[in-house]
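As structure tokens, the structure follows; a few thoughts come after it.
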Amino acid sequence: MMESIAAASMSMSQMEFANAYDMAILKKSMESMEAQAETLINDMLAAVPAPSQYGFDVYG
């Protein structure tokens with residue numbers, strides 16, 4: 001009886017560790033993706049030319 005309780009406790013402990021590990025990996029991955037997205041947005045903003053100081057329409 002005591003062995004089964006110990007085994008269940010060990011199994012539960014291993015599951016909690018695995019869950020915490022998975023969450024840490026997921027968090028790290030999401031932070032990395034967020035940094036990449038921020039860099040991409042900043043690169044796209046830098047690629048857009050500044051608006052002209054003159055108010056005329058070049059296509060009209």
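Results, tabulated for the structure shown:
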read-out	value
Alpha-carbon spread of the chain, three principal axes, descending order, Å	87, 17, 12
Calculated FRET value between N19 and L40, using beta carbons and R₀ = 25 Å, to 0.05	0.20
Carbon plus sulfur fraction of accessible area for the chain, probe 1.4 Å, in percent	65
Tilt relative to the chain, helix 2-47 - C-alpha long axis, 0 to 90 degrees, to 10	10
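The values are calculated or read from the model by the stated rules, or taken from the named source; none is laboratory data. Please read all numbers here as calculations on a predicted model, not as lab measurements. All Cβ positions, even for glycine, are placed from backbone atoms using ideal geometry, and neighbour counts span all protein chains on display. Side chains included, ligands, DNA and RNA excluded: accessible areas come from the protein's heavy atoms. Shrake-Rupley method; radii C 1.70, N 1.55, O 1.52, S 1.80 Å.
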